[in-house]
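Asks: Quick one: the structure is below, questions incoming.
Since every read-out is calculated from the coordinates, none of them should be taken as a lab result. Just so you know, these numbers come straight off a predicted model, no measurement behind them. For neighbour counting, all protein chains shown are included, and Cβ atoms are generated from backbone atoms with ideal geometry for every residue, glycine included.
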Amino acid sequence: MPIAALSDLAGKAECPLLVIKVGSALLVGKEGVRREWLTGLVAEIAEARARGQQVIVVSSGAIALGAATLGLDKGGRGSLADAQACAAVGQIALSGLWAELLGSHGFTAAQMLLTLEDLEDRRRYLNVTATLTRLLDAGAVPVINENDSVATQEIRFGDNDRLAARVAQAAQASAVLLLSDIDGLYDRHPKEPGARMIPVVEGVTAEVKAMASADSNSGMGSGGMISKLQAAEIAELAGICLVIGNGQHDRPVARVTGEGIGTLFLPCRKASARKAWLGGRLRLKGSLVVDAGAAAALERGSSLLAKGITEVEGVFERGDPVAIVDGAGQVLAHGLSEYDAAECAAITGMHSSEQAAVLGYAPRSAVVHRDQMVLK
């Protein structure tokens, strides 16, 4: 049964596997860990398990906890070195806290620290999938965080909203619940007069993106509304619902599912598992700029041919992920290139009959084949 309303997140039939993301400001306040609040959330996780649902937790808070322990200002985010050091210290406390509270209900917590590369590389992504599946089968509650102690600015998610969506893809979850410091998506900045919360979103369109703000009210976390919409796009590709709810209240899950307060993003499509992984990638090695004719052909389900390419950007090898963009810079698709960047540049704009003389071998059927491409 597909999810159609916020109340369905509490149903075993509609939502057999739920990913709950917890933001830093919810876990750590000015006085330290918000233990009473977290105890209540863990009780809600126990209730979900009693209903027969599986739960995966994506938990922020390591950097904030480490900053409090080390006495570093700016929440431990003053520099990359500070963040890495704080994460190394705080992750021990964070995992211990989850293990203790889940253990009080008879559940085993299983820590997983992931980097961007763990989910961007296809083989490592499948390894994550296998591990999550085995942990859930064994009755554990996976508690996941980005491995901030080794992540760099260039190779990191930067927020746990998108990480939660990628984890949901890997685990084939039914829904993602992002517990944050706001009730949901508003049609403008929520501080503006007349701002209205949007209860249901069917597909993240350009109009929906225009509603987003990058602000994070707490100043402690790293993900604003923009990152949450990006997470919704990632989830949508895999046919997964995503919900934004306010975690600042006691029993926040019940507030979302019981009182219906939050924004529900319903997926309008579902790509294959491989295409969902490809379309959800955050790091691309380059771009192929195409003309209007090629853009129209892609919309009809065609592969990308060299004839329609007008420009090649970036340095990439055969098999690397690239963006396909139009002349205005709008991303049309992600795909795996059949040629490296130099070869793409050499055959740009050419018919297949002309390419052999340039390449020195018979050209492949396409620069990006439709089977290795997902439209955005």
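Asks: Beyond a 22 Å Cα-Cα separation, which of these cross-linked pairs lie in this structure: 191/228; 12/228; 209/376; 30/209; 270/376; 285/376?
Replies: Over 22 Å Cα-Cα: 12/228; 30/209.
Asks: Right, here's the next one. Placing +1 at every Lys and Arg Cβ and -1 at every Asp and Glu Cβ, with all other atoms neutral, what dipole size does the chain have around its Cα centre, in debye to the nearest 20?
Replies: Working: 36 positive and 42 negative charges, 126 e Å.
About 600 debye.
Asks: Please report the antiparallel percentage of the DSSP beta bridges confined to the chain, to the nearest 5. Let's see the in-between values first.
Replies: Values: 20 of 52 bridges.
Around 40 percent of the beta bridges assigned by DSSP in the chain are antiparallel ones.
Asks: Let me ask you something else. Compute the length gained on full extension between residue 310 and residue 122: take 0.36 nm times their separation in residues and subtract their Cα-Cα distance, giving the result in nm to one decimal. All intermediate terms of the calculation are to be shown ahead of the outcome.
Replies: Working: separation 188, 0.36 × 188 = 67.68 nm, distance 2.91 nm.
That pair, residue 310 and residue 122, stretches by 64.8 nm at full extension.
Asks: Still on this structure, I have one more. Beta carbons within 10 angstrom, averaged per residue: use that to sort the peptides 334-344, 289-299, 91-101, 188-198, highest first. Please list the in-between numbers first.
Replies: Values: 334-344: 21.5, 289-299: 17.1, 91-101: 18.6, 188-198: 11.6.
The most tightly packed comes first, giving 334-344, 91-101, 289-299, 188-198.
Asks: Roughly what would the spin-label model give for residue 39 and residue 69, points 7 Å off Cα along C-beta, in nm?
Replies: 2.2
Asks: In segment 6-277, with Lys and Arg counted as +1 and Asp and Glu as -1 at Cβ, which of these residues, 160, 107, 253, has the Cα nearest the positive end of the dipole, that is, farthest along it?
Replies: The listed residue farthest towards the positive side: 107.
Asks: With labels modelled as points extended 7 Å from the Cα through the Cβ direction, what inter-label distance (nm, one decimal) is found for residue 187 paired with residue 259?
Replies: 2.3
Asks: If you don't mind, another one. Subtracting the Cα-Cα distance from 0.36 nm times the residue separation, let me have the gained length for residue 354 to residue 371 in nm, one decimal.
Replies: Fully extending the segment from residue 354 to residue 371 adds 3.7 nm.
Asks: Let me ask another. Quickly rank 350-362, 54-66 as a protection proxy: mean count of other C-beta atoms within 10 Å, highest first.
Replies: Peptide ranking by packing, descending: 54-66, 350-362.
Asks: Then there's this: Which distance in nm do the two modelled labels at residue 7 and residue 270 give, with both placed 7 Å along the Cα-to-Cβ direction?
Replies: 2.3
Asks: Would you list the membrane-span-like helices of the chain, meaning whole DSSP H runs whose alpha-carbon atoms span at least 18 Å along their axis and whose mean Kyte-Doolittle value is at least 1.0? Working shown, then result.
Replies: Values: long enough: 35-50 (22 Å, 0.12); 80-103 (33 Å, 1.08); 122-137 (23 Å, -0.45); 225-237 (19 Å, 0.67).
Span-like helices here: 80-103.
Asks: With r as the distance between the Cβ atoms of residue 100 and residue 291 and R0 = 45 Å, compute the FRET efficiency 1/(1 + (r/R0)^6) and round to 0.05.
Replies: 0.15
Asks: Next question. In nm, what is the difference between 0.36 nm times the number of residues separating residue 50 and residue 81 and their Cα-Cα distance?
Replies: Extra length available between residue 50 and residue 81 comes to 7.0 nm.
Asks: If you average the C-alpha positions of segment 1-77 and of segment 157-171 separately, how far apart do those two centres end up, in angstrom?
Replies: 14
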